[in-house]
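The values are calculated or read from the model by the stated rules, or taken from the named source; none is laboratory data. Just so it is clear, the model here is predicted, and its values are computed rather than measured. Ideal geometry is used to build each Cβ from the backbone, glycine not excepted, and the neighbour counts take in all protein chains shown. Accessible surface is based on the protein model in full, side chains and every heavy atom, while ligands, DNA and RNA are left aside. Shrake-Rupley method; radii C 1.70, N 1.55, O 1.52, S 1.80 Å.
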Amino acid sequence: MKKKMGIAIVASIITLTSFTGGTYATSKAEVSVTAPYNTKQIAEQIKWFEEHAKPIKTTNSTEASLHDLTPLKNMVGSAAIVGLGEAMHGAHEVFTMKHRIVNYLVTGMGFTAIVLEEGWDRALGLDRYVLTGKGDPSQYLSPVFNTKEIVDLLTWIRQYNADPKHKSKVRVIGMDIQAVNENVYNNILQYVKKHNPKLVPSLEKKMKGLIPVTKDLDTFGGLKKEKKDQYISDAKQISALLEQNKNKLNGKSSEFAWIKQNARIIEQFTTMLASYPDDPKDFYLKHDIAMYENAKWTEEHVGKTIVWGHNGHVSKTNLIPFVYPKVAGQHLVEHYGKRYVSIGTSVFEGRYNVNNTNNEFGPHGTLKSDDPNSYNYTFGQVKYDQFFVDLRKASGVTKTWLNEQHPIFAGVTTVGPDIPTTVDISLGKTFDILVHIQKVKPSQLNK
């Protein structure tokens, strides 16, 4: 789910207002009808979860033992790509629990790439840090992810990569495209200068106009259609020039694949904004197609991949159809089938960082799941402090319940008096595995 988002209800219509890069856009969807609350069935469901869920010893990311996570091995199986969702972007325990899962997937199952819901351009600096130790990772993180927990994750990856015993190094990739900074262009030019200097003037000619207008969404979105069309064409021509000259650019090398992907980011950004902000549906559709493409590229060129993002982007069904016509997780499951495994998270109660109505990010969010018809409430009655469970193994009334529409905490990143906190979903169709945490506190923001 995008970094800043809000929802407002009018009568029987949900209107979601999504703030992305400073511009608001609204779209609508019918409210679904949830299945009725049944006390006896809820008791049976709680019993099923207590019998089949795997208790998690701790959410503490510094815990050395990962033995409590070993059941994940059979649950994840031979998946090539795993979506690792989060119920909200601003909770300490959600981030640290995900850190533990990343640790297990890397050390226990051979995953070698982490795709963050972070900008491609920002993540270039993060990847450099985890490979070389150079730079300060907090300088490259967007405000929502600029936390002690995320820096601790990146520090752990750096320490893992620095160990000579680990021959396969873990890469950090950004799948989002809310800006294209000058480093992306410079990476392309530096590579071409090394292999085919004669091509540089043609590329520079195309890049000259693009660099200042791709610095953020609003700058490009504010251009007239004719200008947009010109820059979209220029971006496509950069990719075409690289492809046409690949024989002189060591085109079969992994380095060239990375350069082509940098060019693709420019093309994705400009194409995504072709009708922005006038046609938000087109923007959001292309946005998650790009995130899917970038995650897929990572799996194909780096190896087994973890996609770290909001529940709403890694889910197998669309949690947020009132904004996104189709989300990245739906594209991933269509392409990979059972080779894509989606892990969602849920929370029962606590506080978390979120934007208030003045767009100030901080500990403004409070969650207490008191609706007995909601998924969060039922999981809150399970006796474990935190647990994970394979939803695909559910049977009987529990399977029926998971396939019904029930409210779940949405975790949108704006709170306010007119902004509801839940959406109605069929949880069993949405995630393969669920990680539940009973109580959370706000993530620790870096100052």
### Message
Test of understanding: what is the full-extension gain from ARG339 to LEU189, defined as 0.36 nm times their sequence separation minus their Cα-Cα distance?
### Response
50.4 nm
### Message
In 20 Å bins starting at zero, report the fraction of Cα pairs in the chain per bin as a rounded %.
### Response
25, 57, 17, 1
### Message
Projecting each Cα onto the charge dipole of region 100-226 (Lys/Arg +1, Asp/Glu -1 at the beta carbon, about the Cα centre), which of LEU199, GLN139, VAL184 comes out farthest on the positive side?
### Response
LEU199
### Query
For the pair ASP385 and ASN356, what calculated FRET efficiency results from E = 1/(1 + (r/R0)^6), where r is the Cβ-Cβ distance and R0 = 35 Å, to the nearest 0.05?
0.75
#### Entry: Segments 426-436, 86-96, 241-251 sorted - mean Cβ within 10 Å per residue, highest first
86-96, 426-436, 241-251
## Note on the structure
Relative contact order as a percentage, region 332-447, C-alpha pairs under 8 Å and 6+ apart, gives 37 percent
### Task
For SER342, SER275, give the ranking by accessible area with the largest first, probe 1.4 Å.
SER275, SER342
## Note on the structure
Note on region 330-446, DSSP bridge orientation, antiparallel percent to nearest 5 equals 65 percent
### Task
Find, to one decimal place in angstroms, the Kirkwood hydrodynamic radius of region 143-255, where the mean of 1/r is taken over every pair of different Cα atoms and then inverted.
17.0 Å
### Query
Residues with amide H under 5 Å of VAL440's amide H, sequence separation 5 or more or different chain, H placed in the peptide plane at 1.01 Å from N; which?
GLU349, GLY350, ARG351
### Antiparallel bridge percentage (DSSP; both residues within the chain; nearest 5)
60 percent
### Task
Could you give the size of the charge dipole of the chain about its Cα centre, using +1 on the Cβ of each K and R and -1 on the Cβ of each D and E, expressed in debye and rounded to the nearest 20?
1440 debye
